[in-house]
Amino acid sequence: MKVGVLALQGAAGLHLSALRSVGAAAIAVRRPDELADVDGLILPGGESTTISMMLDANGLVEPLAERLAGGLAVLGTCAGLLLLAAQVTDGRDDQRCFGTLDISARRNAYGPQTESFEAPLPVAALGPEPMTGIFIRSPIVERTGPGVEVLARLDGRPVLCRQGAAWGCTFHPELSGDLRLHRLFCEEGL
Ligand code: GLN
């Protein structure tokens, strides 16, 4: 299975190494032909408004929309979750959200970079040991539709969710050195 990591802006490198560590063939995706070649995709954290502009500039909006509509296995982390959301509050008017996950998310909802934090996150699907959630200018998921399964919460709010082939988390799983979420995505998602 070949898994792409969108590498236009943001934290692609550690996702690529995490995917390789769990046995996936991982490639950076910057062009439509690279996107066409993958069985799954990670949309990394970074800056969703910039990633959105870069998708436009690189001719990736339509190809990505088509692959997502076709049921591509996708994991959006932080800014990537915003790209997958149905609605984004406090975003830019022109920023893309593909509506793959039936969620509404508020951008930068915990405050600025200085309000970044770590928190233990129990995730039943990953076993008894909690994950370390690293939240960097993260969004808050304010609404989940009926088709969305919530896999982890922090203070009652969804921080990891899944709707069919689409997964989203508001934290940075690639920064904690814990490979379990990447492994689960590869094993169950692809
Ligand atoms: N605040 C960023 C955005 O709006 C997301 C931050 C992140 O991905 N760590 O896209």
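Can you go through GLY4, GLY76 and tell me which one is open to solvent by less than 40 Å² (accessible area, probe 1.4 Å), closer than 25 Å to GLY147 by Cα and small (Gly, Ala, Ser)? I'd like the intermediate steps shown before the answer.
Values: GLY4 fails: closer than 25 Å to GLY147 by Cα.
Step by step, each of GLY4, GLY76 is checked, and only GLY76 is open to solvent by less than 40 Å² (accessible area, probe 1.4 Å), closer than 25 Å to GLY147 by Cα and small (Gly, Ala, Ser).
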Residue among GLY59, GLY23 that alone is open to solvent by 10 Å² or more (accessible area, probe 1.4 Å), in contact (Cβ under 8 Å) with a residue 40 or more places away in the chain, more than 16 Å from the ligand (Cβ to nearest atom) and at positive phi: GLY23
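Do you know which of the residues in the range 101-124 that are among the hydrophobic types (A, V, I, L, M, F, W, C) and out of contact with any Leu (no Cβ under 7 Å at 6 or more places or on another chain) is farthest from GLY147 (Cα to Cα)? Give the derivation first.
Taking the range 101-124 and keeping what is among the hydrophobic types (A, V, I, L, M, F, W, C), we get 101, 103, 105, 109, 117, 119, 121, 123-124.
Right, trim to out of contact with any Leu (no Cβ under 7 Å at 6 or more places or on another chain) and you get 103, 109, 117, 124.
Details: ILE103: 10, ALA109: 24, PHE117: 29, ALA124: 19 Å.
Among those residues, the one meeting the criterion is PHE117.
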Selection status of GLY45, away from the ligand (no atom under 14 Å from the Cβ) and assigned to a loop (DSSP other than H, G, I, E, B): no
The one condition in (1) more than 13 Å from the ligand (Cβ to nearest atom); (2) surrounded by fewer than 16 Cβ atoms within 10 Å (Cβ to Cβ); (3) under 16 Å from the mean Cα position of the chain (by Cα) that ASP37 fails to fulfil: (3)
Odd one out for GLY71 among (1) open to solvent by less than 30 Å² (accessible area, probe 1.4 Å); (2) within 16 Å of the chain's Cα centre (by Cα); (3) not β-branched (Val, Ile, Thr): (1)
Some residue of the range 98-106 being outside any loop (DSSP other than H, G, I, E, B), within 13 Å of the ligand (Cβ to nearest atom) and open to solvent by 30 Å² or more (accessible area, probe 1.4 Å): yes
Flag if ILE51 is surrounded by 23 or more Cβ atoms within 10 Å (Cβ to Cβ), under 17 Å from the mean Cα position of the chain (by Cα) and assigned to a strand (DSSP E or B): no
Count of the range 120-130 residues which are assigned to a strand (DSSP E or B), hydrophobic (A, V, I, L, M, F, W, C) and either near the ligand (Cβ under 9 Å from one of its atoms) or open to solvent by 10 Å² or more (accessible area, probe 1.4 Å) (or both): 0
Subset tally (residues that are touching a residue at least 60 places away in the same chain (Cβ under 8 Å), touching a strand residue (DSSP E or B) at 6+ places or on another chain (Cβ under 8 Å), open to solvent by 30 Å² or more (accessible area, probe 1.4 Å) and assigned to a loop (DSSP other than H, G, I, E, B)) for the range 131-190: 2
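Let me confirm something: among GLN87, GLN113, which residue is within 13 Å of the ligand (Cβ to nearest atom) and open to solvent by 20 Å² or more (accessible area, probe 1.4 Å)? If you could, list the steps in order and put the result at the bottom.
On the way: GLN87 fails: within 13 Å of the ligand (Cβ to nearest atom).
Of the residues listed, the single one that is within 13 Å of the ligand (Cβ to nearest atom) and open to solvent by 20 Å² or more (accessible area, probe 1.4 Å) is GLN113.
The values are calculated or read from the model by the stated rules, or taken from the named source; none is laboratory data. From a predicted model like this one, the values you see are computed outputs, not experimental measurements. Cβ: placed from backbone, ideal geometry, glycine included. Neighbour counts: every protein chain shown. When the accessible area is computed, the model is the full protein with side chains, heavy atoms only, and any ligands, DNA or RNA have been set aside. Shrake-Rupley method; radii C 1.70, N 1.55, O 1.52, S 1.80 Å.
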